[in-house]
Amino acid sequence: MKKKLIAQNCAAKMEAEIQKIPGVLNASVNFLLQKITIEADEKCFDEILQKAIATCKKVEPDCQIFA
């Protein structure tokens, strides 16, 4: 999943908030590569992905996410 990140601080906030989503095993945001990697339960991955997108929008409303 690629993301246009505005600031490295926002990337850290996004990573921390995504890791709090139930079903997420691990989340990593790479500011330099502008990439988010999410490890999650495969059965509900689509739901988790939507929650992650919403979470990122709360942290940085101008971000763009390409899944």
Open item on the list: Looking only at the range 45-67, filter to residues that are part of a loop (DSSP other than H, G, I, E, B) and surrounded by 14 or more Cβ atoms within 10 Å (Cβ to Cβ); which one of those is modelled with the highest pLDDT?
Closed with: GLU60
Open item on the list: On the basis of being loosely packed, with under 14 Cβ neighbours inside 10 Å, part of a strand (DSSP E or B) and not small (Gly, Ala, Ser), does LEU25 make the cut?
Closed with: yes
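The values are calculated or read from the model by the stated rules, or taken from the named source; none is laboratory data. Quantities reported herein were computed from a predicted structural model and do not represent experimental measurements. All Cβ positions, even for glycine, are placed from backbone atoms using ideal geometry, and neighbour counts span all protein chains on display.
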